[in-house]
Structure formats: C-alpha cells, structure tokens
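Enquirer: I have a structure I would like to understand better, so I am pasting it below and will then ask my questions one at a time.
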Amino acid sequence: LMMIPIQVSVVHHPLSLIEVSKFLQHSENGAQCLFMGVVRDHNQGRKVNAVSYDAFIPMAEKVFREICEEALQSVGLAGAIESAGSSGSTRVILIHRVGRVEVGEASIIIGVSTVHRDESYRISRTIIENVKHRAPIWKKEHYLDGDSEWLEGHSLCSHS
C-alpha cells in the first residue's frame, strides 16, 4: 500500500510557487493543476487595499488535510491505494497565508499533480470549494477609505 503525499500548511510569509512546483514533481505525472487565490481590489462595491487572515493554525491544518483526503476519495483516489494502480504518483499541496496580504498577493495556493489532467482539475476544484465553506480562517478587509471589517461567515465568504 502506498500513501498519497498531501502537504498542508498555514504560513505567515508570501507563498512560493517554486516550493509548490517542487513538491508536485513526479515522473509519472502529466498534469499539474495550480490554483492561486489572490487579493482583489474590490468587494461588494467597496475598494479594498489589503486583507488580513487569521486562523487557529492546528485546526486549520487538520481541516485542510481532511478536505484534501475527501477530494482524492471523490475522484476514486483514496488516501491509501493498491500499488497496482499508477495513481501512487498523485500529489496534493495546500498552503494558506495568514496575516496582512496586499492586493495582487496570493492568500492560497492549491497544487495537484496526477497522471492525467481530468483528476487534477476535479481534485483542485473540490478542494477550493470546500476550503471556502469549511476552513477555520477569518478574513478582515481593509478599505481604501481607512475603514476595515471582519467578513461574516465561518471564513471566506459564501458569495463568489
């Protein structure tokens, strides 16, 4: 039995695509799907200049791991697979930044590496949708007018 490598972390520093790409490398894989969530300059009609994220890190990392495992199961790649299957090359990484993140900077990177592209897309999409609804991460927007507010919801608001 082989375990699929899953790496999850909550960090205080800018996110690195190089770190993600290195983790995803595997000679059997023909697909790498990278998703980056970046801070945009507006939300619900207000001009935004930064967002602060806060998290209870041990809980966030535990939830992230569960979300990644469930996403693998949803496409038929369970946490442990028979060595007969070539899906032992699958890799999943999820890194979320906390602290102040400026407009244009990444707050989250999800990387999925699989033999074929379809699984990579499906796993990545499943992970981000679940992070949006389940992650114990709180988001405070800082507005151009100097105001700031914590957004409602468990975390990353329920509207797209």
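The values are calculated or read from the model by the stated rules, or taken from the named source; none is laboratory data. All figures in this text were calculated on a predicted structure; none of them were measured in a lab. Note that each Cβ is placed from the backbone with ideal geometry, even for glycine, and that neighbours are counted across all protein chains shown. Accessible surface is based on the protein model in full, side chains and every heavy atom, while ligands, DNA and RNA are left aside. Shrake-Rupley method; radii C 1.70, N 1.55, O 1.52, S 1.80 Å.
Enquirer: What residue, of Ile128, Ile108, is in contact (Cβ under 8 Å) with a residue 24 or more places away in the chain, in contact with a Phe, Trp or Tyr (Cβ under 6 Å, 6 or more places away or on another chain) and closer than 14 Å to Ile67 by Cβ?
Expert: The conditions single out Ile128.
Enquirer: Every residue in the range 59-102 that is on the phi > 0 side of the Ramachandran plot and at pLDDT 95 or above, please.
Expert: Within the range 59-102, Gly99 is the sole residue that qualifies.
Enquirer: Any residue in the range 147-158 that's among the aromatic types (Phe, Trp, Tyr) and open to solvent by 60 Å² or more (accessible area, probe 1.4 Å): show its pairings with residues that are part of a strand (DSSP E or B) and at pLDDT 55 or above at Cβ separation under 7 Å, as long as the two are six or more apart or on different chains.
Expert: Matching pairs, first to second residue: Trp150/Trp138; Trp150/Lys140.
Enquirer: Counting only residues that are touching a helix residue (DSSP H, G or I) at 6+ places or on another chain (Cβ under 6 Å), open to solvent by 70 Å² or more (accessible area, probe 1.4 Å) and either outside any loop (DSSP other than H, G, I, E, B) or basic (Lys, Arg) (or both), how many does the range 12-46 have?
Expert: Of the residues in the range 12-46, 2 are touching a helix residue (DSSP H, G or I) at 6+ places or on another chain (Cβ under 6 Å), open to solvent by 70 Å² or more (accessible area, probe 1.4 Å) and either outside any loop (DSSP other than H, G, I, E, B) or basic (Lys, Arg) (or both).
Enquirer: Same structure again: Six or more apart or on different chains, Cβ under 8 Å: which pairs go from a residue in the range 36-54 that's on the phi < 0 side of the Ramachandran plot and aromatic (Phe, Trp, Tyr) to one that's assigned to a loop (DSSP other than H, G, I, E, B) and crowded, with 16+ Cβ neighbours inside 10 Å? Could you list them?
Expert: Tyr53/Val98
Enquirer: Quick one: in the range 47-58, which of the residues that are assigned to a strand (DSSP E or B) and not acidic (Asp, Glu) is surrounded by the fewest Cβ atoms within 10 Å (Cβ to Cβ)?
Expert: This residue is Lys47.
Enquirer: Let me ask something else about it. Is it the case that the range 103-121 has a residue that's in a helix (DSSP H, G or I), over 11 Å from the mean Cα position of the chain (by Cα), among the hydroxyl-bearing types (Ser, Thr, Tyr) and modelled with pLDDT under 95? Lay out the reasoning, then the answer.
Expert: Going through the range 103-121, the residues in a helix (DSSP H, G or I) turn out to be 117-121.
Checking the rest, the ones that are also over 11 Å from the mean Cα position of the chain (by Cα) come to 117-121.
If we keep only those that are among the hydroxyl-bearing types (Ser, Thr, Tyr) too, we end up with 120-121.
Narrowing the set further to residues that are modelled with pLDDT under 95 leaves none.
Checked against the condition, which is being in a helix (DSSP H, G or I), over 11 Å from the mean Cα position of the chain (by Cα), among the hydroxyl-bearing types (Ser, Thr, Tyr) and modelled with pLDDT under 95, the range 103-121 yields no hits at all.
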